[in-house]
Amino acid sequence: MKIFIDTANLDEIKRAASLGVIDGVTTNPSLVAKEGVEYKSRIMDICDVVDGSISAECISLELDQLCAEARRVAAWHPNVTVKIPMSEVGLQAMAILSAEGIAINCTLIFSVNQALLAAKAGATYVSPFIGRINDGGADGMQLIRECAEIFSTYPEIKTEILSASIRNPRDVTEVALAGSHIATLPPSVLFQMINHPLTDLGIKAFLKDSESYSPV
Ligand code: E4P
């Protein structure tokens with residue numbers, strides 16, 4: 001499973017990239033707004049740090065404007081994937097843009113049928129928001145399982161499942177078990193995944209025991 005990092009914070013992206021396990025980056029307008037930076041320049045900075053898909057969200061609501069915005073954003077860098085929210089206009093735009101060879105991440109997916117339609121419209125990725133589903137009392141993981149089952153049943157579907165709105169390390173394990181192609185993680189979750197109390201205890205004990213002999 002590929003791992004993306006879900007942030008627009010450059011320091012966090014650099015720290016994550018230094019681990020050698022990051023395959024891409026997702027951003028959204030809320031994450032960019034938190035940074036108080038200019039949108040295009042931040043996306044370009046991210047492209048300099050991570051060599052993989054970098055999702056940049058488009059916000060226009062009308063078809064012509066949305067397509068024009070997506071073409072503009074896609075032209076910023078070959079690794080930019082335009083993020084398009086699921087909607088009737090979004091589907092129309094995805095059909096047009098995918099035919100032009102533009103990589104698309106269809107975002108705000110909350111049902112299998114939405115994922116299926118986005119795949120049919122040519123989305124490169126669909127992003128089910130599992131945390132937000134769980135927050136509402138439903139089972140986000142069931143959505144990943146069902147998408148994975150349907151996508152693998154129909155080999156003509158090339159769209160990848162990009163599990164988003166991940167809240168904790170257990171979510172990462174579960175989306176991997178469910179067959180997600182990608183998980184996009186908040187930096188805090190990525191760094192939590194590294195640690196285990198028994199690893200820390202083990203390192204301490206080995207260090208102590210190593211004091212009884214000379215190091216190589
Ligand atoms: C994914 O592309 C989204 O940016 C993100 O995962 C949303 O997560 P949230 O529900 O924690 O805001």
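Numerical summary
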read-out	value
Check on Ile161, surrounded by 11 or more Cβ atoms within 10 Å (Cβ to Cβ), among the hydrophobic types (A, V, I, L, M, F, W, C) and either at pLDDT below 95 or over 19 Å from Ile3 (Cβ atoms) (or both)	no
In the stretch 10-42, the residues that are of a type in the set (Gly, Ala, Ser) and free of Cβ contacts under 8 Å to residues at least 40 places away in the same chain	Ala17, Ser18, Gly20, Ser30, Ala33, Gly36, Ser41
Scope the stretch 127-162; condition of a type in the set (A, V, I, L, M) and either away from the ligand (no atom under 11 Å from the Cβ) or out of contact with any Ser or Thr (no Cβ under 7 Å at 6 or more places or on another chain) (or both); matching residues	Ile133, Ala138, Met141, Leu143, Ile144, Ala148, Ile150, Ile157, Ile161
Enumeration of residues in the stretch 22-31 that are surrounded by 19 or more Cβ atoms within 10 Å (Cβ to Cβ) and of a type outside the set (Gly, Ala, Ser)	Ile22, Val25, Thr26, Thr27, Asn28
Exclusive hit being within 15 Å of the chain's Cα centre (by Cα) and of a type in the set (Lys, Arg), set Lys120, Lys83, Lys158	Lys83
The one condition in (1) more than 16 Å from the ligand (Cβ to nearest atom); (2) without any contact (Cβ under 8 Å) to a residue 24 or more places away in the chain; (3) part of a helix (DSSP H, G or I) that Ser214 fails to fulfil	(3)
Members of the stretch 43-54 found to be more than 16 Å from the ligand (Cβ to nearest atom), in a helix (DSSP H, G or I) and in contact (Cβ under 8 Å) with a residue 12 or more places away in the chain, listed by number	Met44, Asp45, Cys47, Val49
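Residue-wise test of (1) surrounded by 18 or more Cβ atoms within 10 Å (Cβ to Cβ); (2) of a type outside the set (A, V, I, L, M); (3) part of a helix (DSSP H, G or I).
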residue: Ala16; (1), (2), (3): yes, no, yes
residue: Leu19; (1), (2), (3): no, no, no
residue: Lys34; (1), (2), (3): no, yes, yes
residue: Ser41; (1), (2), (3): no, yes, yes
residue: Ala56; (1), (2), (3): yes, no, no
residue: Ile59; (1), (2), (3): no, no, no
residue: Leu66; (1), (2), (3): yes, no, yes
residue: Asn105; (1), (2), (3): yes, yes, no
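The values are calculated or read from the model by the stated rules, or taken from the named source; none is laboratory data. What you see is a predicted model, and the numbers here were worked out from it, not measured in a lab. Every residue, glycine among them, receives a Cβ derived from its backbone with ideal geometry; neighbour counts consider all protein chains shown.
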